[in-house]
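Data block below; observations after.
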Amino acid sequence: MHISDGILAPEWCLVWFAIAIVFIAVGVWQIKRGTKENASYLPLLAMMGAVVFVISVWHIPVPVSGSCSHPIGTPMSAIIVGPFPTVVLGAIALFFQAFFGHGGLTTLGANVVSMGIVGGFSGYLIFVLLRTVNSPLWLAAGMAGFIGDVLCYLTTALQLALSVNPGSVLSHWAIYMVGYMPTQLPLAVAEFVFTAGIVQYIADRRPDLLAKKLWGGVPSA
Amino acid sequence: MLDRFTKTALVLMVVIAAIILIVAYLGYIGDQGKMKGIGPIVEKHAASTVANVAPVSLVPTITDLVGKFWGFTIAGIVAGFIVGYLWTGLFRRQEDA
């Protein structure tokens, strides 16, 4: 989902930056508040930042499709540290990944929107929704990972279609989705597994660390 | 004698390392190490549909400097130390208390 420099039109780069900056600003404000309320929050954020960086740059071969791709990690991060701070973590991870040939600087806003905002928020909302209907914690977390991963790539496909093919957005969106999905769906299953496992582990071990205390109302176990 | 936390962490570490090695090996033998990222493939296809659009690199990349293998290895090790250090601090605290 890392869109490189030179692919998106300048006006679309600005649009995605404008959207991303709003979420990053709220995220920074929540991080400041969270660190005052909970001493464990800052090391947890730092750990999740490193985790998101590694997960979203870790190319895993998918033999059935003959190509490789990566999970995104932001749904898991959104459940653990909250969705807005996850946007900040995603932006930092994506900035450094640009120096590893993944993504770019002009497309940073677009990549933050797909991975940080759509991936994180959709995962978090799925998690909250499933927990509200008394789904087991591991299932809610796993589905958050799966759906967040898929929606992230659907967003990237839309970003490409909107900028590169403005005259035929829907058809090219479909084409790009078809390109991504054979590789990404198996990795979304992997995202399900590790999101479910890690969130369940943390809930068993340190339920106080989950976002429920800071962003209220999410039953954790 | 290892406590429960240490046992779990060690088992997880071995399992994750095994998964990484297995998928890396499958990728290597699956396409003789030529498996490309799906992102650049779709991106290249998108660029090919119109003129004047092509992926470029505006910043010097670490992987250009030291190669992909060492670049990602160093990044993984650094991130691994950060995660390991903080994980231990966060998840041992309750047990020790």
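The values are calculated or read from the model by the stated rules, or taken from the named source; none is laboratory data. Note that the coordinates shown come from a computational prediction; the quantities given were computed from them, not determined experimentally. Here the Cβ is made from the backbone with ideal geometry for all residues, glycine too, and neighbour counts use every protein chain on show.
Figures for the structure shown
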item: Any hit, segment B:49-62, residues being touching a His at 6+ places or on another chain (Cβ under 8 Å) and either surrounded by 14 or more Cβ atoms within 10 Å (Cβ to Cβ) or not charged (D, E, K, R) (or both); result: yes
item: Whichever residue in segment A:178-188 is surrounded by fewer than 19 Cβ atoms within 10 Å (Cβ to Cβ) and within 10 Å of another protein chain (Cβ to nearest Cβ) and, among such residues, is nearest to the chain's Cα centre (by Cα); result: A:MET181
item: Residue within segment A:25-35 that is crowded, with 22+ Cβ neighbours inside 10 Å and among the β-branched types (Val, Ile, Thr) present; result: no
item: The listed residue being among the hydrophobic types (A, V, I, L, M, F, W, C) and either more than 9 Å from chain B (Cβ to nearest Cβ) or within 16 Å of A:TYR153 (Cβ to Cβ) (or both), out of A:PHE84, A:PHE53; result: A:PHE84
item: Some residue of segment A:110-124 being part of a helix (DSSP H, G or I) and either over 14 Å from A:ASP149 (Cα atoms) or in contact with a strand residue (DSSP E or B) (Cβ under 9 Å, 6 or more places away or on another chain) (or both); result: yes
item: Scope segment A:204-221; condition crowded, with 21+ Cβ neighbours inside 10 Å and either modelled with pLDDT of 90 or more or in a helix (DSSP H, G or I) (or both); matching residues; result: A:LEU209
item: Single match in A:VAL15, A:VAL87, A:VAL22, A:VAL57 (criterion: among the hydrophobic types (A, V, I, L, M, F, W, C) and buried (at least 24 other Cβ atoms within 10 Å of the Cβ)); result: A:VAL87
item: Answer residue from segment B:47-70, given it is farther than 27 Å from A:VAL164 by Cα and hydrophobic (A, V, I, L, M, F, W, C) and is modelled with the lowest pLDDT among those; result: B:PHE69
